[in-house]
Amino acid sequence: MIDQRMKKDKLSSDQIQKLDKIGFVWDAWKDKWNENFQLLVQFQAREGHCRVKSKHKENGLNIGSWVETQRGNKHSLDLERIESLNSIGFSWNPLEEFWEKSFSKLEAFKAREGHCHVKRGHDAQDKQLAVWISNQRRMKDRLSPEKIQRLDKLGFVWIAPKGRRSK
């Protein structure tokens with residue numbers, strides 16, 4: 001099969017027609033990419049997002065690994081593939097997107113409450129936001145200066161107030 005693909009230019013039109021008739025795949029890499037992409041489309045339709053866990057499989061194929069490869073190779077993917085992925089809401093940097101969504105939730109919380117002291121309470125969204133805040137405090141030395149500045153500008157308190165620490 002590899003020989004046929006490599007020697008396509010040297011095959012007669014009759015040979016090419018016979019191979020086409022039986023559904024011969026001339027570009028196996030493209031075919032495999034399209035197969036994985038279709039599985040991602042199905043995943044997105046079912047789950048509502050393209051944040052696939054790294055070991056997730058669909059129909060026996062590890063699309064989680066494939067998704068990570070697409071992210072890592074964005075700079076070398078052709079424009080058509082990038083546009084295809086973008087068209088289904090592909091997440092190129094899910095960690096950054098999560099940070100931005102969480103920051104927006106903190107902004108909304110502050111606008112509503114007048115402060116950034118989110119308790120873990122009973123509200124699931126507040127609990128998730130409180131965990132994110134705790135993580136920002138814990139990881140301050142790994143945050144970009146821009147993120148620190150944005151949090152500071154919002155009035156973020158880097159040391160949890162006494163009596164409000166969450167366990």
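The values are calculated or read from the model by the stated rules, or taken from the named source; none is laboratory data. Every value quoted in this text rests on a predicted model; they were computed, and no experiment measured them. All Cβ positions, even for glycine, are placed from backbone atoms using ideal geometry, and neighbour counts span all protein chains on display. Accessible surface is based on the protein model in full, side chains and every heavy atom, while ligands, DNA and RNA are left aside. Shrake-Rupley method; radii C 1.70, N 1.55, O 1.52, S 1.80 Å.
Assorted remarks:
- Assigned charges on the beta-carbon of Lys, Arg, Asp, Glu; region 36-167 dipole about Cα centre (debye): 980 debye
- Residue-wise HN-Hα couplings along region 138-146, as the Karplus relation 6.51 cos²θ - 1.76 cosθ + 1.60 with θ = phi - 60° gives them from phi, are 5, 9, 3, 5, 10, 7, 5, x, 4 Hz; Gly and Pro carry x.
- Overall, the accessible surface of region 43-123 at a probe of 1.4 angstrom is composed of carbon and sulfur to the extent of 48 percent.
- Averaged over residues, the count of other Cβ atoms within 10 Å places the peptides 98-104, 54-60 in the sequence 98-104, 54-60, highest first.
- Calculated accessible area for region 44-167 comes out at 67 Å² per residue, all protein chains present (probe 1.4 Å; ligands, DNA, RNA ignored).
- Entries of Lys53/Lys147; Lys32/Lys57; Lys74/Lys105 with Cα pairs more than 18 Å apart: Lys53/Lys147; Lys74/Lys105
- For region 111-166, the list of chymotrypsin sites (Phe, Trp or Tyr not before Pro) that fall in a loop by DSSP and count at most 12 other C-beta atoms within 10 angstrom reads Trp158.
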